[in-house]
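A.B. asks: Structure in structure tokens, see below.
Laboratory data are not the source of any read-out in this text; all were calculated from the coordinates shown. Bear in mind the structure is a predicted one, so any value in this text is a computation, not a measurement. Virtual Cβ from ideal backbone geometry, glycine too; neighbours counted across all protein chains shown.
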Amino acid sequence: MNYKLLLLGLFSFAIFLFGSEAAFVKMTNAKCQSYNKSWVEVHYCRLKAYSRNKTSLNVNLTVLEPANNIHLRFKMMKRANGYKPFLWDYTIDACEFMRKRNHPVAKMFWNMMKDVSTVNHTCPYVGLQTLSDLHRVEIPLPMPTGEYLLLLDWMFDRRPQFASNVYFTFVEDPYIKS
């Protein structure tokens with residue numbers, strides 16, 4: 001085997017990894033709605049702007065009754081003449097996921113929010129739950145540039161209790177203007 005060729009290939013790969021630009025994600029809006037205010041009370045759900053290109057998501061809610069059977073439906077939508085379904089539409093058992101971390105798409109979102117959230121234990125959930133200063137958003141999948149909507153429907157005992165919707169803009173190469 002030609003070691004010079006192998007060394008040149010590894011060096012080129014390293015330059016590509018460290019020299020290429022990362023994708024740019026900016027959250028543009030957040031909306032949360034409680035369907036059952038006797039079970040979930042949303043105190044606030046908002047974005048805080050730090051600069052023109054950096055925003056952080058802050059959510060504060062109280063679960064008034066213990067929630068043991070939680071399912072989460074997350075759906076990705078892409079804006080194209082209105083929001084159209086795009087890429088994901090999953091319903092997962094959130095309690096099982098918190099025990100096993102067994103769903104790859106949910107794990108991708110969990111890795112973004114695990115350090116800035118109080119939702120880092122298994123069921124039951126009761127009391128104050130927060131997500132503070134979520135600003136590091138990294139999507140490890142190739143996606144086309146555009147505006148997206150992440151719909152999260154939280155169901156307790158198979159009944160929808162609240163929804164949290166996050167709107168964001170994804171730019172594949174931040175130096176190319178569309």
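A.B. asks: Starting with the fewest neighbours, write out Cys95, Cys45 ranked by other beta-carbon atoms found within 10 Å of each beta-carbon.
C.D. replies: So the residues, fewest neighbours to most, are Cys95, Cys45.
A.B. asks: List the residues whose amide H sits under 5 Å from the amide H of Thr55, counting only those 5 or more places along or on another chain, with H placed 1.01 Å from N in the peptide plane.
C.D. replies: Met27, Tyr50
A.B. asks: Students often get this wrong: which residues of the range 54-94 have the backbone nitrogen under 12 Å from the point 7 angstrom along Cα-to-C-beta of Cys123?
C.D. replies: 66-72, 92-94
A.B. asks: Separate question: Please list, in order along the range 87-101, the HN-Hα scalar couplings obtained from phi with the Karplus expression 6.51 cos²θ - 1.76 cosθ + 1.60 (θ = phi - 60°), rounded to whole Hz, x for Gly and Pro.
C.D. replies: Karplus-based 3J(HN,Hα) across the range 87-101 equals 6, 10, 7, 10, 10, 10, 7, 5, 5, 5, 4, 5, 7, 10, 6 Hz.
A.B. asks: For the range 63-76, take each phi angle, set θ = phi - 60°, evaluate the Karplus expression 6.51 cos²θ - 1.76 cosθ + 1.60, and give the result in whole Hz per residue in order, putting x for glycine and proline.
C.D. replies: Once rounded to whole Hz, the list reads 8, 7, 10, x, 10, 9, 10, 10, 10, 10, 10, 10, 9, 9.
A.B. asks: Distance cut-off 20 Å, Cα to Cα: go down the list Lys31/Lys78; Lys48/Lys75; Lys31/Lys84 and report the pairs above it. Present the calculation step by step, with values, prior to reporting the outcome.
C.D. replies: Working: Lys31/Lys78 17 Å; Lys48/Lys75 24 Å; Lys31/Lys84 18 Å.
Lys48/Lys75, as the Cα separations exceed 20 Å there.
A.B. asks: Here is a further query. Using Cβ counts within 10 Å as a stand-in for footprinting exposure, how do His135, His121 rank, fewest first?
C.D. replies: Numbers: His135 17, His121 8.
Lowest to highest Cβ neighbour count: His121, His135.
A.B. asks: Gain in length, Asn53 to Asp133, computed as 0.36 nm per residue apart minus the alpha-carbon separation, to one decimal in nm?
C.D. replies: 27.3 nm
A.B. asks: List, in order, the whole-Hz ³J(HN,Hα) value for each residue of the range 107-120 obtained from phi through the Karplus relation with A = 6.51, B = -1.76, C = 1.60 and θ = phi - 60°; use x for Gly and Pro.
C.D. replies: Computed from phi, the couplings for the range 107-120 are 5, 4, 6, 4, 5, 6, 10, 5, 7, 10, 10, 8, 8, 10 Hz.
A.B. asks: In a shell of Cβ-Cβ distance under 15 Å around Tyr44, excluding Tyr44 itself, what net charge do Lys and Arg (+1) and Asp and Glu (-1) give? Present the calculation step by step, with values, prior to reporting the outcome.
C.D. replies: Numbers: positive: Lys31, Lys37, Arg46, Lys48; negative: Glu41, Asp133.
Spelling it out: positives minus negatives among the neighbours equals +2.
A.B. asks: Fewest to most neighbouring Cβ within 10 Å: what's the order for Val171, Val25? Numbers along the way, then the final one.
C.D. replies: Working: Val171 16, Val25 20.
Placing the least packed residue first, the sequence is Val171, Val25.
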